[in-house]
Amino acid sequence: MFGKGSSSYEVQSRRDGRWQIEAAFTDQEAALSCARSQLAGGGVQEVKVIKFRTLAGLSLETVILNKTVPVAAKKALVLGGSAEGAPFCRTLDDLYGFESRVVVGRLLRPFLDAQRLTPTELLHSWPAYRKLEEQGALLGAAVHAVARHHGDLHGIAVPDRVRVLRGLVASAASRARDFLAERKRLPAFDDRDLDGTSRRIEAVVGEGGHDTLFLSLLTLDLSEGGTLPGKLEQLLVLMHNAGPRHLALFDGVAADIVGSADTLKELLGEQPSLAMGLCALADALHGRDPEPGGALGAPPSAAPPSAALARLCDLALRERAPLSRIVLLDRLRQALAGDQPLDRRDPKSEGALLRMITERLTGADGRLLGGAAMSKALDRRMLRHRQTVLRDQGMHDIADRLSMR
């Protein structure tokens, strides 16, 4: 009686909480196809297809499709390692110390890498601390892990240790917040006049407060570097002509950076296997350039380490970056002591690769990089290899007896 009327279709999408019209059609299938494309293309939170029909002077609206893109729940960050080696901190200076930062870096590695932060920045930056608090129970888990380690090691009550550690963390956070509030009244960090920067700092906080304030100012300067390798580049420029006092502070932050396994892999460049990566790092720490065709008769690495890593290793070789050297040697030791095959593509080459790595770890003076600790890691790796060979040959009892020695 009223006639068929006319119909049109509108595709709407919601992006970042705001609705917008994507397209209008006179054909329903074309409108539905457009909506499906919007959903498949990503970047939208919700899509609607609305049918508008005009009939006898009336306009009718009908939603014929309404789909919401499911939001994937963010996976909660967890601790990245153990609290082994955590020093028994009694003061803030202990908490800021190198050994403490090594453990902070290990425990909070997933968070630090995601935020592109070093442990030093976390301890001296109020915004960084706030980001850690936003992770829910992560900070509490780290504190409890350290407290349990201290409880097992020293036979003390874990709840009491938790309270002490929480107090130290709260004090560090309070100091970082106060620094941010007073920032405009504090000396500026002048990377071209480090001695002048230190004199101005001591005029405000005295010699005893110098290192804390210096590092707080440095963290603001480093934030401009963005990535962790970028921050290392900044530090290397500062370390070039720095005196012993400032060099020690810069070295500590550089050690924080190379404590990240992901960052170290990036600095090492593309490597075909774990074995080649370890050889490249050993060569860099020796200050040795692999010869064409491979140093010491070994195959060459896929790519030379980055210039930044080579410069840091050179400083370590000249005893100007002892903390960075400690961390790099520990990364080598941990990789050797771990279970990852030296070459996933050729597990049977484990023995030959291990002998090659031993040669690359040995200097011209016959001494092994990392000393007794590295020797122990090599022995452990070789023992596992021998056990694997024996088990492959069906000699399980002999393999088991080897582990009892």
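The values are calculated or read from the model by the stated rules, or taken from the named source; none is laboratory data. Values in this document were obtained by computation on a predicted structure and should not be read as measured data. Cβ atoms come from the backbone with ideal geometry, glycine included; neighbour counts cover every protein chain shown. These area figures cover heavy atoms from the full protein model, side chains too; ligands, DNA and RNA do not enter into them. Shrake-Rupley method; radii C 1.70, N 1.55, O 1.52, S 1.80 Å.
If V237 passes every condition in (1) under 23 Å from D330 (Cβ atoms); (2) in contact (Cβ under 8 Å) with a residue 24 or more places away in the chain; (3) among the hydrophobic types (A, V, I, L, M, F, W, C) but one, which one does it miss?
(1)
For the stretch 226-238, indicate whether the set of residues that are assigned to a loop (DSSP other than H, G, I, E, B) and either of a type in the set (D, E, K, R) or surrounded by fewer than 16 Cβ atoms within 10 Å (Cβ to Cβ) (or both) is non-empty.
Keep residues of the stretch 226-238 that are assigned to a loop (DSSP other than H, G, I, E, B), which gives 226-227.
The next check asks that each one be either of a type in the set (D, E, K, R) or surrounded by fewer than 16 Cβ atoms within 10 Å (Cβ to Cβ) (or both); those that pass are 226-227.
Yes, the stretch 226-238 contains at least one residue that is assigned to a loop (DSSP other than H, G, I, E, B) and either of a type in the set (D, E, K, R) or surrounded by fewer than 16 Cβ atoms within 10 Å (Cβ to Cβ) (or both).
Quick one: what pairs do we get from the stretch 50-71, first residue farther than 15 Å from A24 by Cβ, second in a loop (DSSP other than H, G, I, E, B) and modelled with pLDDT under 80, C-beta under 8 Å, 6+ apart or different chains?
If the second residue must be in a loop (DSSP other than H, G, I, E, B) and modelled with pLDDT under 80, the pairs left are L55/F2; L55/G3; L55/G5; A56/F2; A56/G3; A56/G5.
Residues that are under 22 Å from G287 (Cβ atoms) and open to solvent by less than 60 Å² (accessible area, probe 1.4 Å), at least 2 per element: which helices (runs of 4 or more DSSP H) completely within the stretch 302-405 meet that? Break it down into steps so the answer makes sense when it comes.
Values: elements: 307-317, 322-337, 350-361, 371-392, 396-403.
Here the list reads 307-317, 322-337, 350-361, 371-392.
Only one of these conditions is not met by E22: (1) farther than 30 Å from D160 by Cα; (2) in contact (Cβ under 8 Å) with a residue 40 or more places away in the chain. Which number is it?
(2)
Yes or no: the stretch 206-224 includes at least one residue that is open to solvent by 20 Å² or more (accessible area, probe 1.4 Å), in contact (Cβ under 8 Å) with a residue 60 or more places away in the chain, farther than 30 Å from I357 by Cβ and among the polar types (S, T, N, Q).
Checking the stretch 206-224: at least one residue is open to solvent by 20 Å² or more (accessible area, probe 1.4 Å), in contact (Cβ under 8 Å) with a residue 60 or more places away in the chain, farther than 30 Å from I357 by Cβ and among the polar types (S, T, N, Q).
Looking at the stretch 143-159 only, could you name the residues that are surrounded by 12 or more Cβ atoms within 10 Å (Cβ to Cβ) and among the charged types (D, E, K, R)?
Once the filter is applied, which keeps residues that are surrounded by 12 or more Cβ atoms within 10 Å (Cβ to Cβ) and among the charged types (D, E, K, R), the stretch 143-159 yields only R148.
Take the residues in the stretch 86-104 that are charged (D, E, K, R) and out of contact with any Gly (no Cβ under 8 Å at 6 or more places or on another chain), then tell me which one is least open to solvent (accessible area, probe 1.4 Å). Show your work before the answer.
Within the stretch 86-104, the subset charged (D, E, K, R) is 90, 93-94, 99, 101.
Add one more test, that the residue is out of contact with any Gly (no Cβ under 8 Å at 6 or more places or on another chain), and what stays is 90, 93-94.
Numbers: R90: 169, D93: 108, D94: 64 Å².
Filtering the stretch 86-104 for residues that are charged (D, E, K, R) and out of contact with any Gly (no Cβ under 8 Å at 6 or more places or on another chain), the one least open to solvent (accessible area, probe 1.4 Å) comes out as D94.
In the stretch 76-83, is there at least one residue being open to solvent by less than 60 Å² (accessible area, probe 1.4 Å), at pLDDT 90 or above and of a type outside the set (S, T, Y)?
Scanning the stretch 76-83 turns up at least one residue that is open to solvent by less than 60 Å² (accessible area, probe 1.4 Å), at pLDDT 90 or above and of a type outside the set (S, T, Y).
Can we say A137 is open to solvent by 50 Å² or more (accessible area, probe 1.4 Å), out of contact with any helix residue (DSSP H, G or I) (no Cβ under 6 Å at 6 or more places or on another chain) and modelled with pLDDT under 90?
On the way: open to solvent by 50 Å² or more (accessible area, probe 1.4 Å): yes; out of contact with any helix residue (DSSP H, G or I) (no Cβ under 6 Å at 6 or more places or on another chain): yes; modelled with pLDDT under 90: yes.
So A137 passes the test.
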